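Below is one structure; the comments refer to it alone.
Just so it is clear, none of the values below were taken in a lab; they were calculated from the coordinates. The structure presented is a predicted model; accordingly, all values stated were derived computationally and were not measured. A quick note on method: Cβ atoms are made from the backbone with ideal geometry, for glycine too, and the neighbour counts reach across all protein chains shown.
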Amino acid sequence: MLTSLETLDLSDNSLREVPADVFHLPNLRKLYLADNDIGNDGFLTILKPVRAPLEYLNIANTEIELIPDFGILPYLSHLNLSHNHLESISPEQFAPFCQITFVDLNETGVGDCECHKSNFFIEKELKRDPLLSCGTLPPGKIDYINLINLNHG
């Protein structure tokens, strides 16, 4: 049942939790959960390890304050976290996403400085291209961030 499903759009469905078996569909590559009132607790139903070969995950505007623990998502390349009230982010939160190339943080409340510091760490320490969408910093601010990271990284 649903074994051939590659894209599933559950956006704007008044969900309060993620159906546990969604993350175990054997061919699911794109999952849209945006615009639901899932919150942090609604992601606790996810059974790990996730079996779906997800490449794209949209959890925009789902009332989360933390990036959910999905376990390892080895194929995920695009993660949309926009329009959530994230408390903070760290580069370690993106380590389980082996192929991640872009994370949308627009309208999340994550400060531009924190976002740029994470990108700097990802680029310098993990030897990967920056993947977080950050706002702009005032001129001269990036050099200060780089200096902090070099001295305390």
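Between Arg51 and Thr3, the contour length at 0.36 nm per residue exceeds the alpha carbon distance by 16.1 nm. With K and R counted +1 and D and E -1, the other residues having a Cβ less than 15 Å from that of Leu76 yield a net charge of +1. Of all stretches in the chain that contain no trypsin sites (Lys or Arg not before Pro) in a DSSP loop with at most 12 other Cβ atoms within 10 Å, the longest one is 17-126. Database remark: amide H of Ile72 closer than 5 angstrom to the amide H of Val50 (H placed geometrically; neighbours at sequence offset of 5 or more, or on other chains; Pro and chain starts carry no H).
Dividing the helix sum by the residues of the chain, where each DSSP H run of 4 or more adds -39500 (n - 2.57), gives a mean residue ellipticity at 222 nm of -5000 deg cm²/dmol.
The HN-Hα couplings worked out from phi for region 45-55 by the Karplus form 6.51 cos²θ - 1.76 cosθ + 1.60 (θ = phi - 60°) are 7, 5, 8, 10, x, 5, 9, 5, x, 4, 10 Hz, whole numbers, x standing for Gly and Pro.
Couplings 3J(HN,Hα) for region 73-87, derived from phi with the Karplus relation 6.51 cos²θ - 1.76 cosθ + 1.60 (θ = phi - 60°), are 10, x, 10, 5, 10, 9, 10, 9, 10, 4, 6, 10, 9, 5, 6 Hz, where x marks Gly and Pro.
Derived scalar couplings between HN and Hα for region 111-118 equal x, 4, 5, 4, 5, 5, 4, 5 Hz in order, rounded to whole Hz, by the Karplus curve 6.51 cos²θ - 1.76 cosθ + 1.60 (θ = phi - 60°), x for Gly and Pro. Computed over the Cα atoms of the chain, the ratio of the radius of gyration to the Kirkwood radius (Rg/Rh) comes to 1.00.
Amide H contacts of Leu86: Val110, each under 5 Å away and 5 or more positions distant or on a separate chain (H built 1.01 Å from N in the peptide plane; Pro and chain starts excluded).
Once backbone amide H atoms are built at 1.01 Å from N, Leu25 has Ala52 as its partners under 5 Å, excluding neighbours fewer than 5 places away on the same chain.
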